[in-house]
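These notes are about the structure you will find just below.
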Amino acid sequence: MFKRPILNTIKGRITERRRFMQVIVGPRQTGKTTLARQLIDDLDLSSHYASADEPTLKTTTWIEQQWETARMKARVSEHKKALLVLDEVQKIGNWSEVVKRLWDEDTAVGGALQVIILGSSPLLIQTGLTESLAGRFELIPVVHWSFSEMKEAFGWDVEQYIFYGGYPGSADLISDPRRWANYVKDSLIETTISRDILLMRRVDKPALLRRLFELGCIYSGQVLSFQKMLGQLQDAGNTTTLAHYLNLLEGAGLLMGLPKYGERIVRQRASSPKLQVLNTALITAQSGSDFDATLKDREYWGHLVESAIGATLANGLKGTGAELFYWRERNREIDYIIRKDDMLVAMEVKSGRSKTNLPGMDSFAKAFPVKRKLLIGSQGIALRDFFLTPPEQWLE
């Protein structure tokens with residue numbers, strides 16, 4: 001069975017002397033549960049796995065019961081230690097207060113349990129962490145699968161990755177395009193929106209949130225002001241609501257808005273966002289176009305290529321301390337900008353899609369201290385090489 005490289009990171013933290021809860025968060029179908037089960041198989045520890053993502057309602061008593069089960073396994077084990085994995089625990093009200101109490105009880109007597117918390121709703125998880133568990137956890141983001149991971153696990157080429165995206169659970173269905181598309185729409189998109197966003201957060205206009213997601217898929221890779229979005233959505237909402245819903249969609253691993261790069265943070269926040277899906281399957285599953293037809297459509301294929309590049313950067317930079325932007329001034333534009341500390345990397349993409357704006361590398365470099373100027377695609381870094389390179393390496 002294929003094992004993601006991040007497994008070694010998690011294993012290393014679990015086996016260290018210092019004891020922290022490991023909180024693993026990421027979108028649905030990115031392999032968090034599989035990682036936990038592989039970890040259980042690899043470690044020489046008694047273990048207990050339990051999930052709150054079930055139809056029956058769970059309460060904080062359920063958390064206490066699972067904790068006691070793990071404590072019992074630790075007492076009877078050879079090493080007097082055990083691993084407890086709690087999946088989707090954020091769906092239980094006041095979960096973090098109970099986990100804090102139980103964790104502190106174990107810490108006071110020597111810490112017999114190593115604890116992993118898995119969650120598909122980073123916004124809810126992080127609320128609990130900051131309110132109750134400060135100083136007791138390490139956060140490990142798990143993102144959509146990269147091209148190198150899909151290539152190694154399923155033998156995909158770069159064109160398949162650009163079209164089908166990075167959902168491992170859908171890989172075996174690509175020979176049946178209709179079934180693949182239905183799986184992505186029903187099991188991934190609808191489940192994420194209905195269970196991870198609408199069920200867990202207050203959303204006054206659920207129809208608006210759904211339409212915003214659809215709009216983001218259509219315009220992924222393009223800059224769109226919130227006012228223009230409202231016009232497209234034909235809704236009596238406001239820009240603050242749209243910005244909030246975009247944050248919810250980002251937290252669920254579906255769609256984000258890249259800010260415009262500028263020296264002042266206030267200007268960045270007030271800028272029109274560049275809409276960016278976090279997995280290209282979200283676009284193609286809803287498009288009604290199959291793989292072969294899409295490859296022949298130069299304009300649409302270029303749209304997918306740029307979205308795949310943006311998704312690769314957004315996912316790959318998660319948890320690294322680097323930030324992702326775009327830049328546009330008058331009719332000059334930079335597709336993607338990576339910033340970490342004082343280092344800037346500017347990327348221009350040549351995908352074959354016609355663009356209304358002119359390349360802005362020279363203009364941007366005159367205004368800001370660019371460390372690297374990269375061209376991706378035609379006459380530049382080959383797409384396959386780009387997708388095989390971890391995004392953080394562009395900062396080296």
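Working note: Karplus 6.51/-1.76/1.60 with θ = phi - 60° gives region 164-172 the couplings 8, x, x, 9, x, x, 9, 4, 6 Hz, where Gly and Pro are set to x. Separation of region 1-71 from region 88-129 is 12 Å, based on Cα centroids.
Taking amide H as placed 1.01 Å from N in the peptide plane, the amide H of Ile381 sits under 5 Å from that of Leu375, Ile376, each at least 5 places away or on another chain.
So how do 188-196, 372-380 stack up, highest first, on mean other-Cβ count within 10 Å? Please list the in-between numbers first.
Working: 188-196: 18.9, 372-380: 14.8.
Descending mean neighbour count gives 188-196, 372-380.
Averaging the sequence gap over all C-alpha pairs within less than 8 Å and six or more residues apart, then dividing by the number of residues, gives the chain a relative contact order of 14 percent.
Note on the chain: antiparallel DSSP beta bridges, both residues inside, total approximately 35 percent of the bridges counted.
Under 5 Å between amide hydrogens, built in the peptide plane, is the criterion, and for Gly221 it picks out Leu275, Gln276, Val277 among residues at least 5 positions away or on other chains. For region 6-141, the relative contact order comes to 37 percent (Cα pairs under 8 Å, sequence separation of at least 6). Here the Karplus curve 6.51 cos²θ - 1.76 cosθ + 1.60, taken at θ = phi - 60°, turns the phi angles of region 98-107 into couplings of 5, 4, 4, 4, 5, 4, 5, 4, 5, 4 Hz, with x standing for Gly and Pro. This model, with +1 at the C-beta of Lys and Arg and -1 at the C-beta of Asp and Glu, gives region 6-141 a dipole about its Cα centre of some 240 debye. Measuring between their Cα centroids, region 160-195 and region 275-332 lie 16 Å from each other. Once C-alpha pairs closer than 8 Å and six or more residues apart are averaged by separation and normalised to the residue number of region 105-258, the relative contact order reads 22 percent.
Residue-wise HN-Hα couplings along region 108-117, as the Karplus relation 6.51 cos²θ - 1.76 cosθ + 1.60 with θ = phi - 60° gives them from phi, are 5, 10, x, x, 7, 10, 9, 10, 10, 10 Hz; Gly and Pro carry x. Dimensions of region 6-141 along the principal axes, based on C-alpha atoms and rounded to the nearest Å, stand at 36, 30, 30, largest first. A cut-off under 12 angstrom between Cβ atoms defines the neighbours of Asp44, and their net charge, with Lys, Arg +1 and Asp, Glu -1, is -1. Segment Thr107..Gln286, full-extension length gain: 59.5 nm, with 0.36 nm per residue of separation and the alpha-carbon distance subtracted.
In this structure, the amide hydrogen of Arg328, modeled 1.01 Å from its nitrogen in the peptide plane, lies closer than 5 angstrom to those of Tyr261, Ile334, counting only residues at least 5 positions away or on a different chain.
Quick note: the coordinates plus some simple rules give every number you see, no bench work behind them. Just so it is clear, the structure is predicted and the values come from calculations on it, not from any experiment. Don't worry about glycine lacking a Cβ; one is built from the backbone with ideal geometry, like all the others, and counts go over all protein chains shown.
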